[in-house]
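Take this structure, written in structure tokens, and hold onto it; I'll ask about it next.
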Amino acid sequence: MRAARCLRHGGLAAPGVSSFAWLDRGRGRRLSGVPRDLRAPAMLPAFLPAILLSMALALAGTGAASLAAADEAPATTLALGGDWPLGTRQGLASPIVYLEHERNGLPGGGRLRVVLDTAVLSAAMQHRPAPAWELAYGLEGTGAIVGYGADLYRNGERLAAESFAGDGLAGHLAATLWPDAPWSASLALETRRAHFHPTPETRAGYVPPPPLQQHALRLQVVRKGLLFGAGRAELTLEEGRREGWSAWSLDARGRGGGPRGRVVLRVELAPPRLRGGHGGPPRGSLRLSAFDGHGLDLLDAYRAGGFAGTFQVAGYYRNEARAGRGLVLNLQHELRFADDRRLTVYADAASLTRLDAEILRGAPQTQELAGLGLGFYYGMRPLGGLPLIVRYGEGLLIPPGSPEGYRRELLLVLAAAF
């Protein structure tokens, strides 16, 4: 089975974006994997007509893909569902609407990828002028930015009166050297604009962030086939600067206008004891993420918590913790009863240093998170194998003074690839 890993660019102040795999797509209608990087706007119904129209337009262009040979990977992926915190008045639900379409064989050896990710629509082109290098460019429009403005928590209490929303547009240009070699390197330039506004929950007199104009340069080095042959390591270095920044309600001194940088190291391994046999696909993995930065604020700090969070820690509210640096460890192991019947166990842990922001003062300077999860992939055979993906998560370490002494979440997704 060929799997296509869909990667998102982690961005310096890229609202709602993170560098995570979304869905691994297999043959026919079987689909493995669950969305982890979700942009889940609380105001989704207001954008529903535009979302449905975008989906219809994208699906209308898949006719050529249906004529592909039977052994070709599916060109279109669709996932619908949601992620809900259980028994809480603090955590936010995350609707999931994900549509991806790829078209290969375009002039110049190009490949087009169009993605609708809830309220975010993006289009990217890739060209391979020569085997040794690849060129990519694209645009992304965001209809509702909530990752920075809605997921504001202090000791597990959601700061609804300080929340804000917005919309934005971004573009990127990237070049990758040796994309198919064990070692590869890419350099990307990104520019982003965003505008913010209060939400119905925002208190009177609240001043949202000023319009965002930001440029960033990103260098990424990737090592594939690490250690046991199924490992991968990524080192990402990012530097950027904002223009015309000024003070707002949660940054009275306007500190967010200076230079900013991020460093992220991700290492993923599939040791032999966790693999599915000699030459078989990995059925378990260990993933370690280490990150640090300078000049970060509420708009580009690292976020962790929940299956729908930027960094996954099962059970917690979506992006409950906001950090300036930290370590996150994710372990998962799959028990396969059949190709379309799979049980997955998740164990997550994180050690985070709280972001230095006025609104978060009073929360512990360091925070330890841990969570356990159980997931099931169930292919509904009467419906051609259409998969139902279910995950349940339980948070184990609750912040001191939290209004609620537990963390639980449930994720449900119906997915199809065609």
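Each reported figure results from applying straightforward, stated rules to the coordinates on display, with no laboratory input. Remember, it's a predicted structure, so these values are computed and weren't measured experimentally. Here the Cβ is made from the backbone with ideal geometry for all residues, glycine too, and neighbour counts use every protein chain on show.
Order the peptides 193-201, 406-414 from the highest to the lowest mean number of other Cβ atoms within 10 Å of their residues.
Details: 193-201: 16.6, 406-414: 20.6.
Peptide ranking by packing, descending: 406-414, 193-201.
When the convex hull of the Cα atoms of the stretch 98-164 is projected onto a plane and the area is averaged over all directions, what value comes out in nm²?
Values: hull surface 27.2 nm².
In nm², the orientation-averaged hull projection of the stretch 98-164 is 6.8.
How big is the gap, in Å, between the Cα center of the stretch 388-418 and the Cα center of the stretch 139-169?
Distance between centres, Cα-based: 19 Å.
Does the stretch 118-226 come out rounded, prolate or oblate by the C-alpha gyration tensor, with a ≥ b ≥ c the root eigenvalues, rounded set by a/c under 1.5 and, if not, prolate when a/b is larger than b/c and oblate if not? Write down the numbers at each step before the final one.
On the way: a/c = 3.34, a/b = 2.26, b/c = 1.48.
Since a/c reaches 1.5 and a/b is larger than b/c, the shape of the stretch 118-226 is classed as prolate.
Take peptides 353-361, 165-173 and line them up by average Cβ neighbours within 10 Å, highest first, as a rough protection proxy. Let's see the in-between values first.
On the way: 353-361: 16.8, 165-173: 19.1.
Final packing ranking: 165-173, 353-361.
When the gyration tensor of the stretch 312-418 is built from Cα positions, what are the square roots of 5 times its three eigenvalues, in whole Å, from largest to smallest?
Numbers: eigenvalues 230, 34, 30 Å².
Computed over the stretch 312-418, the values are 34, 13, 12 Å.
Still on this structure: Sorted by average packing, counted as other Cβ atoms within 10 angstrom per residue and highest first, what order do 118-130, 372-384 take?
Details: 118-130: 17.9, 372-384: 15.2.
Going by the mean number of other Cβ atoms within 10 Å, highest first, we get 118-130, 372-384.
Please quote Rg/Rh for the stretch 171-211 to two decimal places, taking the Kirkwood radius as Rh and restricting both calculations to Cα atoms.
Working: Rg = 19.4 Å, Rh = 14.0 Å.
Taking Rh as the inverse mean 1/r over Cα pairs, Rg/Rh reads 1.39.
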